[in-house]
1. Yes or no: B:R488 crowded, with 19+ Cβ neighbours inside 10 Å and more than 19 Å from B:V385 (Cα to Cα)?
2. Every residue in the stretch A:300-318 that is in contact (Cβ under 8 Å) with a residue 24 or more places away in the chain, touching a Leu at 6+ places or on another chain (Cβ under 8 Å) and at the interface with chain B (Cβ under 7 Å from one of its Cβ atoms), please.
3. Considering only the stretch A:115-130, I want to know if a residue exists there that is out of contact with any strand residue (DSSP E or B) (no Cβ under 8 Å at 6 or more places or on another chain) and within 23 Å of A:T199 (Cβ to Cβ).
4. If a residue counts only when it is under 20 Å from A:G126 (Cβ atoms), which helices (runs of 4 or more DSSP H) contained entirely in the stretch A:138-225 have at least 1 such residues?
5. Filtering the stretch B:430-459 down to residues that are part of a loop (DSSP other than H, G, I, E, B), in contact with a Lys or Arg (Cβ under 7 Å, 6 or more places away or on another chain) and in contact (Cβ under 8 Å) with a residue 12 or more places away in the chain, which residue is surrounded by the fewest Cβ atoms within 10 Å (Cβ to Cβ)?
6. State whether the residues of the stretch B:107-114 include one that is surrounded by fewer than 19 Cβ atoms within 10 Å (Cβ to Cβ), modelled with pLDDT under 80 and hydrophobic (A, V, I, L, M, F, W, C).
7. Sort out which residues of the stretch A:61-89 are in a helix (DSSP H, G or I) and over 30 Å from A:Y358 (Cβ atoms), and write them in order of number.
Amino acid sequence: MAASTATAVKDFRESSERFLRIDPLMLLATIGLIAASIYIVGTATQDDRADANYFLYRQAAYAGVGFVLMLLISRFDYSRLREWKLGIYAFLIGSILLVYAMGVSARGSKRAISVPFFSFQPSELGKLLLIVALAGFMVDRIRRLGDRETTSRMVLLAVVPAMLVIGQPDLGSGLVYIAILVAILFIAGTPWTHFAALTGLAAAAIVVVVIAAPAAGVEVLKPYQKDRLTAFLSPGENQGKEAYQINQSLTAIGSGGKTGRGDEATQTKLDFLPEHHTDFVFSVVGEEFGFVGAALVLSLFALLIWRALRTLTIAKNFYGALVAGGITAMLMFQVFVNVGMTIGIMPITGIPLPLVSYGGSSVITTLMAIGLLQSIHAQARETAAVKRL
Amino acid sequence: MYLDNERRPTLTPQLAFRVAVIGGVALVMFAIIFFRLWYLQVLSGDNYVAAARENRVREIKIEAPRGEIVDRHGVALVENRNSLSIKVTPDKLPAKRADREEVYRRLGKLLGLNPRRMERRVERELKALPYSKPTIKQDVNPNVVAFVLERQEEFPGVEPERESLREYPHGLIGAHLFGQVGEVSPQELKDTRFSGVSMGDRVGKAGIEAEYDRFLRGRNGAARVEVDALGKLTKTLRRVQPAQGKQLRLSLDLNVQRVGQQALAGGTGRGAFAVMNVRNGEVVALGSQPSFDPNIFTKPISQKRLDALNSDALGKPLFDRAIQGGYPTGSTFKLITATAALQSGLITPATPLSDPGSLTVGGVTFENAGGVAHGVLSLIPALTVSSDVFFYQLGRDLNEKGMPLQLWAHRLGIGRRTGIDLPAETSGLLPTPRWRDNLFKKKLTDRPWSVGDNINLSVGQGDLQANPLQMAVAYAAIANGGRVLRPRLGLRIEDATGRALQELDAPTARRVKLAPETRNSILEGLHGAASAPGGTSTPVFQDFPIPIAGKTGTAEHVGKADQSWYVALAPYPNPRYVVAVTDEAGGFGADTAAPMTRRILAALFDVKETGLVQGGGAPD
């Protein structure tokens, strides 16, 4: 009895110690962003459905599930994932293929599989799976880092799922995969010459896709994807739907002014702003809370990214550093492209704002990724503590 | 256990550098975002607030109904009817051509119109009037409008609009007077008469509607509404009620007007009449036959139908003979010849002249109508029996320096506009030596002025062109002792309940100096013509209870039937009304125009007529 009590006390101590080893600033940023998300999604969608709080409740539920997963993952030693890289990668490819087989269509693209209570987007979870698997493959070849074969293998491993996702079509997620690949190669220490070569290849690919293939009669990009690009490049001339979205987003954000319009946020409330709870949620922040609100949300992201980068530097092993680097890149890329899109400095690509945009797959995946960062952080602190002993 | 190399030294310089690069990228991108946000929200915030406002706030014009037009007893002549029309708002139509065509296709199916023609018309209208809202169809069934409203996603840019359309409850009666209402033209907008009118407003385009537009036109209201992205109304922010235009009361008497038009329609169907108060110029009736139903003009009218309304075969129903017709007036002109002769001192009422049945001047023989000889007579019997030869001599003798006949005809309003409150009036033609000599110089006629022209004019034949209203004015001037009145239809401006707001002042009349005995002898002669034995219209009027003075006229047209005229002043000897009637092919004045005049007088003086009035009497 006494012994078991002692064990329990020790367990409790250990667990609370381990809990304390997670990064409190990162936790703060996460909680702040999640709270902002629930509030913004809630107010923006009051008039969208008969049940005024439909999106609010669902987003809160996703956040709750994601939060629990985040805490669980932070207690778990991420290093084990390296051994499962093959299985994880197979699951990644499999789940994306499953979408092709039995996905549900939404607005002309098949991105999700219908599961009870919500539709699951493998491409979202795939971001995290790709990071974990890719980092594992990278670590295996750590000694032959400078080999061209290493780099090309990594590129192949990332480009296959990226192409599959772009074909859904989900250009945004595909681009995130590429960003993850670049980050992991970069953190692993791939020579600059390889990056130069990859840049050249990418440029050639773009030329083929955008100019050569259409000239030869093969349309790689969907018409709406081309519209988005032209709308971004010349919003004044193009009066189509894409330019409309950009203009409405700019109007929403601009009209927010310094401190926002609060309940007078007509761009959102009267539906002028499209997708105001998903891709354009940042425009809602800008309209309702103005520069102050937008700056606050951005600061939370900056805090999150700073803590992620810091976690990268203290990781107890190379695998942890690569995973942290991948997650950092995933967050950075999505924040920059999404916010850039709402303020008219990036084309519309359909990338959600991590943690803030409405959507279970995205929110839960991001929280799991942050859980993984916390795990890396906690493991590093524990290792450091063990070393000190 | 994991591989050794997995345990890596804390931070290699290379990794530190690369992490710093990532951190630098993050820093740069956050800086870019912050600067962009600062620019958008802090520096240009006000512009975007305005843009957001423009997004959601729409001004909707609420068209004010026009004032109604009533007759002198308050009977409605022109009313309003609420209707719904389908319009398109060009900037809300789909931007893509194919989508736009789809909208037109759906609309065409719904309204039974050709989609391509509809699209072409909209484009044409937009070219002429940019930023306007072209009308697709007027007076649309409310169910169709509801269908469009419920499916705004399928009909983007298609909007119904409430419109108040003019309605003419009495159809053909008075049709020529009212004119039409139409959208204001860009040229009109520049005119100060249309200050306060904006693009797309409807204004009077012709007739009474144009003449009294500033009273009839209401003040448009406006609603400022908030709409959502689909254009659905979410709330009304402000509303200014429209103010209906003022009611206009005309001097017209609907009953007299109707009787007059019916009387004319019972003749050859082509003619006109005017009924005017000789003391103040109030027009009691003014009609032209054939007439038309003005209700057809409240909707777009086909060219074919419009052509028909202007065709000779149907008698040009749109042509207002009462103020635009130009006819020789036959013997009704003798009143003017008599006035000129008396006032110029050529004769006195007692001067005897011989009427042997014809007069030969310069080798040309002018005969009495019917070839009768009236013997020696003075002015009064000459008017009574309508001796042409008597007046031929006056015409011959008045062809002297100063041309007194033309001078007096001009003074009494022949060859000039009467100034009635209808814009389309024409002046007609008073033949003068200068006029004919000018034509001759331009080789437009075969000969210069001769005394024969003046002889023809003295009995209202030849080149003279006058209309019934001008004759009414001339007769009224004699009857009232020398005031050449400006006829008018507008009596007063009222509110919707009929309370007077503003009396329209009687226009000032032109005065001519007229000796009392001139007036009295002429009136006596005309009274005789309608009542004395041998009077040209005595058979028509002898049993009429109201004593009148009246003159028949028969205008000759080469190769065509004679035109019948009659002008009456009643009651004799102090006339209140003048009635001038002409039937383009009615024969002798006493045959058709005189009985028509009697029917009009009966309506005017509330005389119960028992039998059908028969025409007949001496030729004039």
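1. Yes, satisfied.
2. A:I305
3. Yes, the conditions are met somewhere in the stretch A:115-130.
4. Filter on the stretch A:138-225 gives A:148-166, A:171-188.
5. B:P448
6. no
7. Within the stretch A:61-89, A:R80, A:R82, A:E83, A:K85, A:L86, A:G87 meet the criteria.
The rows are residues; the columns are (1) among the hydrophobic types (A, V, I, L, M, F, W, C); (2) away from every other protein chain (no Cβ under 14 Å).
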{"site": "A:Y62", "(1), (2)": "no, yes"}
{"site": "A:V65", "(1), (2)": "yes, yes"}
{"site": "A:M70", "(1), (2)": "yes, yes"}
{"site": "A:Y78", "(1), (2)": "no, no"}
{"site": "A:R82", "(1), (2)": "no, no"}
{"site": "A:G87", "(1), (2)": "no, yes"}
{"site": "A:A90", "(1), (2)": "yes, yes"}
{"site": "A:A101", "(1), (2)": "yes, yes"}
{"site": "A:K110", "(1), (2)": "no, yes"}
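The values are calculated or read from the model by the stated rules, or taken from the named source; none is laboratory data. If you're wondering where the values come from, they're calculated on a predicted model, not measured in any experiment. No Cβ is skipped: glycine too gets one built from the backbone with ideal geometry, and neighbour counts run over all protein chains shown.
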